[in-house]
Amino acid sequence: QRAITIECASDGTEPFAFHEIVYQTLIRLCVDICRRNGKEKLLWLGDRDMTLEYSPSADEMILTVHRWFTNKSCPGTWMYSRMGDLADQVTAELNR
């Protein structure tokens, strides 16, 4: 009960890009997850150690990536470079 994992369809090779519809659906899904859990802010700190040491407030949810916990490249270069954008878009929608 510490994490919600999400898998998204992507291209089959690096940088494992998403189609725009997949990315927009991911944003909507994250907004829904945050709302269902009473969160008003989605955070991307971009650093494994900083993230694991951070204690989110009651209204925050924090993003992590699979590559931080196992020898994988998940979520791929394309999505990894957009994690901050994902957090910003979700938080903006939560505050409308």
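Per residue of region 82-94, what does 6.51 cos²θ - 1.76 cosθ + 1.60 with θ = phi - 60° give for ³J(HN,Hα)? Whole Hz please, x for Gly and Pro, Karplus curve as stated.
Ordered by residue, 3J(HN,Hα) equals 10, 4, x, 5, 4, 4, 5, 5, 5, 4, 4, 5, 5 Hz.
At 1.4 Å probe size, with no ligands or nucleic acids counted, give the accessible surface of ILE4 in Å², nearest ten.
It works out to around 100 Å².
Among (1) 13.9; (2) 13.5; (3) 16.2, which one is Kirkwood radius over Cα pairs in Å computed from these coordinates?
Label (1) holds the value from this structure.
Would you mind telling me the share, in percent, of accessible area of the chain contributed by carbon and sulfur at probe 1.4 angstrom? Write out the running numbers ahead of the final one.
Details: 3170 of 6530 Å².
It is 49 percent, rounded to a whole number.
So with the 1.4 Å probe, I'd like the accessible area per residue for the chain, rounded to whole Å². Spell out each step's value before the answer.
On the way: 6530 Å² over 96 residues.
Averaged over the residues of the chain, the accessible area is 68 Å².
The values are calculated or read from the model by the stated rules, or taken from the named source; none is laboratory data. Please read all numbers here as calculations on a predicted model, not as lab measurements. Remember, those area values only see protein heavy atoms, side chains included, never the ligands or the DNA or RNA. Shrake-Rupley method; radii C 1.70, N 1.55, O 1.52, S 1.80 Å.
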